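Quick notes on the structure that follows.
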Amino acid sequence: MIPLEDGMFDLEPVLRDAVVLALPMQPVCREDCAGLCSECGTNLNENPDHHHDAVDIRWAALQGLAGSLGTDEKDNMSGKASDGDVRSAAEKQEK
């Protein structure tokens with residue numbers, strides 16, 4: 001509280017903080033309202049499956065790489081042998 005010149009206190013900041021803290025965190029128009037998307041403002045009542053894929057910028061380059069690889073290449077990168085790799089290894093041993 002900040003004292004004013006006439007001995008009164010300025011209660012505005014204290015009251016404002018109390019009122020703001022008492023407000024609901026996500027005000028909605030009715031009890032069953034899904035609200036709006038916090039990123040783009042899309043009405044979630046009309047589009048309940050609406051979402052944004054949050055991509056960590058540190059992994060963004062790897063996500064692009066994963067999209068360019070085929071299924072067999074992804075299996076090889078995970079360290080797991082695909083069926084084709086197992087067959088080709090067995091064929092090499094037979095020769």
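A short reminder: the numbers here are calculations on the coordinates, not readings from a lab. Since the model is a prediction, treat every value here as computed from it, not as a measurement. Using ideal geometry, Cβ is built from the backbone for each residue, glycine included, and neighbour counts are taken over all protein chains shown.
Annotation for region 7-74: GluC sites (Glu not before Pro) lying in DSSP loop with at most 10 further Cβ atoms inside 10 Å of their Cβ are 31, 39, 46.
Backbone geometry of region 46-57 corresponds, through the Karplus equation with coefficients 6.51, -1.76 and 1.60 at θ = phi - 60°, to 3J(HN,Hα) couplings of 7, 9, x, 8, 5, 7, 10, 7, 7, 10, 5, 4 Hz, x marking Gly and Pro.
Projecting the Cα atoms of 67, 33, 20 onto the charge dipole of region 10-69 (Cβ charges, centred on the Cα centre) puts 67 farthest toward the positive pole.
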